[in-house]
1. As a check on your grasp of the helix formula, calculate [θ] at 222 nm for the chain: sum -39500 (n - 2.57) over DSSP H runs of n ≥ 4, divide by the residue count, round to the nearest 500.
2. I need 29, 11 ordered by Cβ neighbour count within 10 Å, fewest first.
3. In whole Å, what is the distance between the alpha-carbon centres of the stretch 65-79 and the stretch 1-36?
4. Please state the relative contact order of the chain as a whole percent: Cα pairs under 8 Å, 6+ residues apart?
């Protein structure tokens with residue numbers, strides 16, 4: 001099982017998300033952290049990160065560092081790639 005670690009930028013993004021979406025994201029991250037490559041998709045543009053999780057209308061952009069999932073960004077799909 002991988003440990004999920006948030007960067008400062010991801011924590012700042014996290015503050016702007018509503019409570020219900022946060023709850024759903026946390027539940028999914030628990031599941032996804034067991035086998036992240038099963039659920040992750042590689043990003044075409046690696047400038048913002050290497051992988052993403054799709055959780056409803058939200059995206060979690062992350063990299064994998066050893067046994068850690070380093071969350072770089074969290075946000076709505078319309079805003080996250082800008």
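1. -9000 deg cm²/dmol
2. 11, 29
3. When both Cα centres are located, 8 Å separates them.
4. 35 percent
Read-outs: derived from the displayed coordinates by stated rules, not from any lab. It should be emphasised that the depicted structure is a prediction, and the values quoted were computed from it without experimental measurement. Counting neighbours? That spans all protein chains shown, and the Cβs are built from the backbone with ideal geometry, glycine included.
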